[in-house]
Amino acid sequence: MSREAGSPIGRRRALQIGAGAAGVAGLGAVGVALRSDGDAGTVSAYPEPEYGDPDRTYRLTASEHEIDIAGGDSYDGWTYNGAYPGPEIRAVEGERVRVVVENDLPEETTVHWHGMTVRGDNAMDGVPGVTQEAIAPGDEFVYEFDAEPAGTHWYHSHVGLQLDRELLGPLVVEERNPHVEYDAEHTLILDEYLPEEPRVETADGMDGMGGMGGMEGSFPGAPPASGTLVNGALPSDPAEFEITEGERVRLRLINAAAATMYAVGIDDHRLTVTHADGPAVDPVTVDTLEIGMGERYDIVVEGDSPGRWPIRIAPVDSVAPAGRAVLAYEDATDGIDEGAIGGHRLQYADLRSLAPAPGVGGSPDRTIDLELSAGGAMGMMGGSGDDGEWTINGQAFPDADPIRIQEGEHVRVRVRNRSPMRHPMHLHGHHFQAGDVVKDTITVPGHMGQVEFDFVADNSGKWLFHCHHLYHMETGMVRIVEYV
Ligand SMILES: [Cu+2]
């Protein structure tokens with residue numbers, strides 16, 4: 001007889017492991033007990049988690065908690081450990097990280113480690129119904145993974161719209177040998193200010209799409225944001241990041257928003273981009289950059305212009321008010337200066353990763369063509385599927401075929417966008433190579449925009465490939481990439 005999803009055995013096991021802060025020996029014993037209690041030969045819906053010997057242990061408790069926005073309101077949100085953004089998880093590359101997640105929410109939940117390769121244990125990727133049974137209210141689950149690759153990453157709920165209730169936080173993996181020098185670092189979490197409960201909105205095709213006049217049908221999307229947050233602060237009470245004259249500061253930028261891409265610039269300073277989605281790139285100096293949902297960039301800023309300068313976070317394709325933080329030199333007086341920002345905006349083609357993705361030279365063993373579109377009446381734009389859905393090749397998840405690949409294959413994915421909106425597409429479990437840059441999330445431009453990326457299938461399991469616009473994901477723009 002087969003054990004079905006939601007089985008009490010899986011749940012009890014997770015609880016025992018969580019309670020068993022007793023250590024590795026205890027964990028092994030749990031696994032052995034399960035296999036020796038007459039359950040042998042049964043098939044679990046999910047792979048059995050494997051546990052190692054952690055270098056770092058964290059505990060995250062997901063619960064309803066008041067969120068107090070600097071410069072804004074307090075409202076009832078959902079948080080990890082009562083904090084928004086959630087507490088930083090930090091490790092050195094290669095370390096084993098254990099995170100015990102306790103669910104005190106009224107709904108089930110999971111946590112995804114965005115950017116972690118999660119090699120060798122699919123169960124730790126945090127996708128409900130795909131890699132694990134979701135964690136029921138009152139239960140806990142023990143996640144473990146090797147901290148790789150190094151860089152700026154983040155974690156967030158992967159259930160429904162929970163990300164937009166603010167279940168998110170930074171995950172920083174320090175590299176052992178940084179390729180750039182810096183004197184200090186700060187992490188900036190960019191996000192929408194959305195005090196109300198998240199829900200899928202249906203925007204009329206004519207509204208909000210600028211220039212789409214005359215279109216019939218609707219685009220399922222996000223509720224309008226009331227503002228732009230940097231580390232939970234609005235411009236009226238902005239987050240401040242210190243810099244010392246003559247020194248270099250590394251800023252880790254994470255777009256944790258559900259539905260908004262941002263353009264980032266700092267008055268009177270240039271941005272030297274040093275890392276994209278974690279891995280190191282040849283430093284390239286620009287004036288501004290755009291960062292899609294789920295993407296990360298690390299930049300180094302030279303402290304050569306004393307003052308208190310705005311870090312400007314401008315929503316792209318959105319009417320939400322801009323965000324602003326402050327780059328504050330020591331000893332600078334109060335107030336905020338006004339300066340200039342140059343016109344060189346980062347393009348993907350500017351980025352060259354120091355370590356290319358291995359094995360992706362030459363022609364691929366398999367090419368997968370995917371088309372992104374809105375369903376229903378938007379079908380006139382080449383899509384299919386029902387109104388109110390976002391689709392990949394006309395299918396809306398979960399009513400969508402898995403993308404099957406084989407271990408060892410060099411896979412090429414070509415994504416074409418038949419909708420007017422941009423879509424930041426995220427692949428779990430792998431970093432891929434797009435042009436000269438290695439990333440895990442890549443924004444496909446609107447209006448027949450196209451991207452192409454390659455990776456070697458070297459991490460067996462079931463991995464999500466999806467749009468990181470939460471409301472596109474929620475309404476179908478998801479596929480499972482499955483090793484067969
Ligand atoms: Cu999308």
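Restricting the first residue to region 456-480 and requiring it to be more than 8 Å from Phe397 (Cβ to Cβ), which pairs with a second residue that is near the ligand (Cβ under 8 Å from one of its atoms) and in a loop (DSSP other than H, G, I, E, B) meet a Cβ separation below 9 Å and a spacing of at least six or different chains?
Close Cβ pairs satisfying both conditions: Cys467/Met477; His469/Met421; His469/Arg422; His469/Met477; His472/Met421.
Can you go through Thr117, Thr109, Thr131 and tell me which one is under 22 Å from Ser63 (Cβ atoms), touching a residue at least 24 places away in the same chain (Cβ under 8 Å) and of a type in the set (Val, Ile, Thr)? It would help to see each step written out before you state the result.
Working: Thr117 fails: under 22 Å from Ser63 (Cβ atoms); Thr131 fails: under 22 Å from Ser63 (Cβ atoms).
Selected residue: Thr109, the only one of Thr117, Thr109, Thr131 that is under 22 Å from Ser63 (Cβ atoms), touching a residue at least 24 places away in the same chain (Cβ under 8 Å) and of a type in the set (Val, Ile, Thr).
Please specify each residue of region 291-306 satisfying the condition of being buried (at least 19 other Cβ atoms within 10 Å of the Cβ) and of a type outside the set (Val, Ile, Thr).
Of everything in region 291-306, those that are buried (at least 19 other Cβ atoms within 10 Å of the Cβ) and of a type outside the set (Val, Ile, Thr) turn out to be Gly292, Met293, Gly294, Glu295, Arg296, Tyr297, Asp298, Gly303.
When Arg418 is evaluated against the numbered criteria (1) surrounded by fewer than 22 Cβ atoms within 10 Å (Cβ to Cβ); (2) more than 16 Å from the ligand (Cβ to nearest atom), which criterion, by number, is the only one it fails?
(2) is the only condition that Arg418 fails.
Of the conditions (1) exposed (fewer than 13 other Cβ atoms within 10 Å of the Cβ); (2) at pLDDT 95 or above; (3) over 22 Å from Phe241 (Cα atoms), Glu371 satisfies every one except a single condition; which number is it?
Glu371 satisfies all of (1) exposed (fewer than 13 other Cβ atoms within 10 Å of the Cβ); (2) at pLDDT 95 or above; (3) over 22 Å from Phe241 (Cα atoms) except (1).
Going through region 421-445 one residue at a time, which ones are within 13 Å of the ligand (Cβ to nearest atom) and not in a strand (DSSP E or B)?
Met421, Arg422, Pro445 - these are the residues of region 421-445 that are within 13 Å of the ligand (Cβ to nearest atom) and not in a strand (DSSP E or B).
Can you name the residue in region 459-479 that is aliphatic (A, V, I, L, M) and surrounded by 22 or more Cβ atoms within 10 Å (Cβ to Cβ) and is also nearest to the ligand (Cβ to nearest atom) among such residues? Explain how you work it out, then say what you get.
So the first thing to find is which residues in region 459-479 are aliphatic (A, V, I, L, M), and the list is 464, 470, 473, 477-478.
Restricting the remaining residues to those that are surrounded by 22 or more Cβ atoms within 10 Å (Cβ to Cβ) gives 470, 473, 477-478.
Values: Leu470: 9, Met473: 7, Met477: 5, Val478: 10 Å.
Per the stated criteria, the residue is Met477.
Counting just the residues of region 425-458 that are of a type in the set (S, T, N, Q) and over 17 Å from Pro364 (Cβ atoms), which one comes out surrounded by the fewest Cβ atoms within 10 Å (Cβ to Cβ)?
Looking at residues that are of a type in the set (S, T, N, Q) and over 17 Å from Pro364 (Cβ atoms), I get Thr441.
Taking region 446-460, which residues are over 24 Å from Met261 (Cβ atoms) and in a loop (DSSP other than H, G, I, E, B)?
Within region 446-460, Ala457, Asp458, Asn459, Ser460 qualify.
Among residues belonging to region 386-415 that are in a strand (DSSP E or B) and within 15 Å of the ligand (Cβ to nearest atom), point out the one that is surrounded by the fewest Cβ atoms within 10 Å (Cβ to Cβ). I'd like the intermediate steps shown before the answer.
Kept after step one, since they are in a strand (DSSP E or B), are these residues of region 386-415: 390-392, 395, 403-405, 410-415.
This time we only want the ones that are within 15 Å of the ligand (Cβ to nearest atom), so: 390-392, 395, 415.
Values: Trp390: 30, Thr391: 29, Ile392: 26, Gln395: 18, Val415: 20.
The residue in question is Gln395.
The values are calculated or read from the model by the stated rules, or taken from the named source; none is laboratory data. What you see is a predicted model, and the numbers here were worked out from it, not measured in a lab. Cβ coordinates were reconstructed from backbone atoms using ideal geometry, including for glycine residues, and neighbour counts include every protein chain displayed.
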